[in-house]
Each structure stands twice: as structure tokens, then as C-alpha cells.
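See structure below.
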Amino acid sequence: MARKSTSQGTPATAALAAAGVPFVLHPYAHDPAAPSYGTEAAEVLGIDPSRVFKTLMVEVEGRLAVGIVPVSGSLDLKAFAAAMGAKKAAMADPAAAQRRTGYVLGGISPLGQRLPSPTVLDSSATALETLLVSGGRRGLDIELAPADLARLTSAVVAPIASRS
């Protein structure tokens, strides 16, 4: 399943290759005017938005954490906080998210982050054979098995998405 290309290398693809995890790269022409990076990826790639997941940085009790939810829904901050054993959660400051992960907004991958953070993967992922997440830059998604994503990010799996 792995397709390698030197022009597509990112810390996320390097982490997958180092772990020996099979994956497929899905590059696409990113439109800077697109209002939603995840929705754009689903539309351009022709993939059901419930299989394309966005990576969101969340602040929980003064520390950063990662929420991974389908682009067809949104992050339920109360459910996320509960999954982290906390009372409250809020979206992280975008600049802090970029510093922590080493990625730009719209290209934040849950894999290969500069400083790994506690991660929660929405439980809807477990019903899928494969899902797509950002590959570490705008215009690149990575397809892999949800179990591999959960294992490589040490993710807790919990219902953290609210459906739109």
C-alpha cells in the first residue's frame, strides 16, 4: 500500500515509513481561498467527508492536546475534555498549535509532530477500514488504517465529534 516519493516527504510520512506502517499519499492542488482545508480535501479527492479527519489542537487545563475528528462534523469540546479526564477544553491558540507541532494551520498532521501531545481519536474511525489525515502540509493527505493512527499517536478512542 505504501507509495513513496521524495517530493512528498514530511515528518508525518517519515514517521509512518520508520514505523513500517502501510499508507497511501493523496496529494491535491490546494486552493488558498478554500474556506475549510478538510472539506476541500474531501471534495477534491472525491472521498466521503466522514473518512477525512481533521487534526485540531485543544488546550486542556493549560496543556495542549490533539483531537482528530471527521471533517463532516465538529469537535465537541465537552466530550473532548471528558475523554481527557478534565472539566473544560478550548481550542488552542493557532500560533501555539503551529509552534507545538511544527506544521502550518491547514497542514497539521497528528503524525510526526515536533512535540507529541495527548491525542483523542473520534470513535467513528473504528468503523472505517481506512481514513485520511493531513500529511503535514496543505494539499497532502495520508490514508491509513485507524488502528495504525491510534497506535502511532497513542490515542484514546472516544466519541468526541458532533455531527453537522
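Tabulated values for the structure
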{"item": "Where a residue in segment 97-108 is free of Cβ contacts under 8 Å to residues at least 60 places away in the same chain and its partner, wherever it lies, is of a type in the set (Val, Ile, Thr) and open to solvent by 30 Å² or more (accessible area, probe 1.4 Å), with Cβ under 8 Å and at least six apart", "result": "Gln98/Val104"}
{"item": "Which numbered condition Val44 misses (of (1) of a type in the set (A, V, I, L, M); (2) more than 15 Å from Gly139 (Cβ to Cβ); (3) part of a helix (DSSP H, G or I))", "result": "(2)"}
{"item": "One residue from Thr126, Thr130, Thr153 being more than 22 Å from Ser36 (Cα to Cα), open to solvent by less than 30 Å² (accessible area, probe 1.4 Å), touching a Pro at 6+ places or on another chain (Cβ under 9 Å) and modelled with pLDDT of 95 or more", "result": "Thr153"}
{"item": "Single match in Val21, Val52, Val58 (criterion: out of contact with any Asp or Glu (no Cβ under 9 Å at 6 or more places or on another chain), open to solvent by less than 30 Å² (accessible area, probe 1.4 Å) and in contact (Cβ under 8 Å) with a residue 12 or more places away in the chain)", "result": "Val58"}
{"item": "Segment 49-71 - residue that is out of contact with any Pro (no Cβ under 7 Å at 6 or more places or on another chain) and part of a loop (DSSP other than H, G, I, E, B) and, of those, modelled with the highest pLDDT", "result": "Arg51"}
{"item": "Matching residues in segment 72-122 - criterion: being assigned to a loop (DSSP other than H, G, I, E, B), open to solvent by 60 Å² or more (accessible area, probe 1.4 Å) and closer than 16 Å to Ser134 by Cα", "result": "Val104, Leu105, Arg114, Pro116"}
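The values are calculated or read from the model by the stated rules, or taken from the named source; none is laboratory data. Since we're looking at a predicted model, the values are computed, not measured. No Cβ is skipped: glycine too gets one built from the backbone with ideal geometry, and neighbour counts run over all protein chains shown. In case anyone asks, the SASA skips ligands and DNA or RNA and just uses the protein heavy atoms, side chains included. Shrake-Rupley method; radii C 1.70, N 1.55, O 1.52, S 1.80 Å.
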